[in-house]
Amino acid sequence: MTITRVRGIMGILFGFAALLLTAPASATDHPALPPENSEHWALQKQVDNIRIYTMDQPGSGFRAFKAVADLNVPINNLMAVMINPESCKEWVHNCTESFAFGNGNFHNRYAYSVNDMPWPVSDRDYVLRIQTRGNAETGEIVMDLNATPGMRAETNSRVRVDVSNTLYRFTPTEQGTQMVWLQHTEPNGALPEWLVNQLVIDIPVKSLKALEAVARKEKYQGYRIQWAADGNIEAVVPDTP
């Protein structure tokens, strides 16, 4: 298998959020993400400031993963990246198209993304519902990204992702931000389980290293988090006088 083909297969797995069955499924058809602090997470790889864990999922041949990264950038910068509906193309591996759609708001919105695949494999696209919440007291921000394939019409040239559940947890630290990334997906098509399970170890490392670099770009500087009176996150806005 060529390097290009392997990279294309890798692109199936992730979206803003990375993120991937042939028939539509409801959330109740698949188990929820495993708890972050479960004793069953097994450390698979550590690269610099990034640790990757995996766990078998009931009823699935594909493992869930947990990535824990200590990113040397402020949480404000990271959230500025996250609110940009096109930023998927900058840091998520093989994401080539992304945009917001619908009449959502900061706390509950929708995004469409495409993962590029080499010929003759069809590109994968997915529709995500993104929910954001936070805690002013701790500064922690959580994003839930769940595939909602029926929210947008399918195209003949792309294979729709039906099942993908992701959680991002951002916690400010003295050095920057700790990010926890949990995900479980069911990839479309006839891909060997051993290959997919290896890629869920390697791909988060590539994406998180890219995210750390992207969050340092000039266009993501000068933002602040706006908190509501009830302590929930309200918005991410330019930090202007």
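The values are calculated or read from the model by the stated rules, or taken from the named source; none is laboratory data. Predicted, not measured: the structure shown is a model, and the values here were computed from it. Ideal geometry is used to build each Cβ from the backbone, glycine not excepted, and the neighbour counts take in all protein chains shown. Accessible surface is based on the protein model in full, side chains and every heavy atom, while ligands, DNA and RNA are left aside. Shrake-Rupley method; radii C 1.70, N 1.55, O 1.52, S 1.80 Å.
The table that follows gives values for the structure above.
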| quantity | calculated |
| --- | --- |
| Spin-label pair Asp116/Glu154, simplified geometry with 7 Å Cα→Cβ offset, distance in nm | 2.5 |
| Residues with amide H under 5 Å from that of Gly104, placed H, sequence gap 5 or more | Tyr110 |
| Contour excess over end-to-end distance, with Cα ends at Ala213 and Phe106 and 0.36 nm allotted per residue | 36.1 nm |
| Relative contact order [Cα under 8 Å, 6+ residues apart], the stretch 60-120, whole percent | 22 |
| 3J(HN,Hα) from dihedral phi, the stretch 87-100, Karplus parametrisation 6.51/-1.76/1.60, rounded to Hz, x for glycine, proline | 5, 3, 5, 8, 10, 7, 4, 6, 7, 10, 8, 7, 6, 7 |
| With every protein chain in place, the stretch 54-146: carbon and sulfur % of accessible area (1.4 Å) | 45 |
| Integer Hz, Karplus 6.51/-1.76/1.60 couplings in order for the stretch 231-239, x for Gly and Pro | x, 7, 5, 10, 5, 10, 10, x, 8 |
| Peptides 103-112, 80-89, 122-131 ordered by average Cβ neighbours within 10 Å, highest first | 122-131, 80-89, 103-112 |
| By accessible area with a 1.4 Å probe, ligands and nucleic acids excluded, highest first: order of Trp227, Trp41 | Trp227, Trp41 |
| Efficiency of FRET between Ala228 and Gln175 - r from beta-carbon atoms, R0 30 angstrom, step 0.05 | 0.65 |
| Distant-in-sequence amide H partners of Val73 (H built 1.01 Å from N, under 5 Å) | Thr177 |
